[in-house]
Amino acid sequence: MRVVAVARCKDEEDIIEAFVRHTLCFADDLVVLDNGSVDRSVDILKALRGEGLPLHLFQHRDEVLVEDLHSNWLFEAAIRQFSADWVLFLDADEFVHVRTPNLVFRDWLLSTPSDLCGINVLLENYHPLPEAAAAPVGNVAERLTHRWPSMPPVPKIFYRHRGGPRPSISAGHHYLSADGVVLPCHTQADVVLAHFNARSPWQLARKAMIGWLRMEASGTDARNTGIAANYRHMFDLLMDNPDVFMAQVIDRRDDLVFDPLPYAGGPLKYTAPTDETALFIKATSEFALRIARQHGARVDADTQVLHRLRARIADVMPVP
């Protein structure tokens, strides 16, 4: 039985090494599609690959929402290039957490009811406390030890491939579908995903800013899908009340549960402290520059675009 994990990566230098080492304790291969990182993520991934780890690295830059295309490209690669019997759909901040004592992960996969094509694996969000965010060194998966007590049931998919045409995976890896019909998957509580999506205020601000700007650049139809709606809420708060946004990321909630992840990946070699403020400026500036260049290319290709923009001078109005 060959287990292949797949994930996308975008500026995850603080967590990507821990993610790779931990994930390869559960999978035979890991396929990573980098979405144009401007930090050290690709260098770290290359170093890990250089150790001989079964890590397969690809890259594709995008300025618009193509998450579904990326996910299905990874899906196809896992099956066709790497002969997957199981595909674990992950993000670079999601870590497999076996909750049931003495459970053997591969036996657990094999125990999936035969009439179902996969497993729903729920997310558990971890929360950075002020002291953890103030000293961003070491292994994120060991430094962040408190999670939310509960959250809406958001499943990720572990898919069993038994030959024939594969289904489609949704953007976000939340469900499988074939011919427009959502396929049922096994719901369970033995295995969850520890989700380290928020690690520091500037890191989450960067994710919210680029995430929602990419959505805006994708047009009305993309916005109306509801994909990345979580970015919209964070973006609006960041724009309207940045101080509140920054404080909420590391607020000391009374209901947090101490529940450290049993990290399985061993020591880190390539992870160094990240200057998150500098990375915020670099990553958002690089993304804005690519959007501006795409707009400039459209102006060059169609002179009427610039003509219409210049015609807006007619819209000048007095300020009441």
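In table form, for the structure just shown:
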item: Net charge, Met1 excluded, C-beta distance under 14 Å - Lys, Arg +1, Asp, Glu -1; result: 0
item: Fewest-first ranking of Met234, Met246, using other Cβ atoms within 10 Å as the exposure measure; result: Met246, Met234
item: On Cα atoms only, tilt of 67-80 relative to the major axis of the chain in degrees; result: 30
item: At R0 = 25 Å, FRET efficiency that the Cβ-Cβ distance of Ala229 and Arg253 yields, to 0.05; result: 0.65
item: Exposure proxy ranking, count of Cβ atoms within 10 Å, fewest first, for Leu268, Leu261, Leu88; result: Leu268, Leu261, Leu88
item: Size descriptor, Kirkwood hydrodynamic radius, that averages inverse alpha-carbon separations across the chain, Å; result: 21.1
item: Local net charge near Arg147, Cβ-Cβ under 11 Å (Lys/Arg +1, Asp/Glu -1); result: -2
item: Cβ-based exposure ranking for Glu12, Glu67, in which fewest neighbours within 10 Å come first; result: Glu67, Glu12
item: The range 1-93 pair-distance distribution - Cα-Cα, 10 Å bins, rounded %; result: 17, 54, 27, 2
item: Rough spin-label spacing in nm, given labels placed 7 Å along Cα→Cβ, for Glu142 and Arg2; result: 3.3
item: Ordering of 192-203, 247-258 by burial proxy (mean other Cβ atoms within 10 Å per residue, highest first); result: 192-203, 247-258
item: Cβ-derived FRET efficiency at R0 25 Å, Lys46 paired with Ser168, nearest 0.05; result: 0.25
item: Contour minus Cα-Cα distance for Gln59 and Asn197 (0.36 nm per residue); result: 47.5 nm
item: Net charge of Cβ neighbours under 13 Å - reference Ile44; Lys, Arg +1; Asp, Glu -1; result: -4
item: FRET efficiency estimate (nearest 0.05) - Cβ-Cβ, Glu76 to Thr220, R0 45 angstrom; result: 0.95
item: Sequence-distant aspartates and glutamates (8 or more away, or on other chains) whose Cα lies within less than 15 Å of Lys282; result: Asp11, Glu12, Glu13, Asp39
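The numbers here are math on the coordinates, done by the rules we state, and not lab data. Since we're looking at a predicted model, the values are computed, not measured. Using ideal geometry, Cβ is built from the backbone for each residue, glycine included, and neighbour counts are taken over all protein chains shown.
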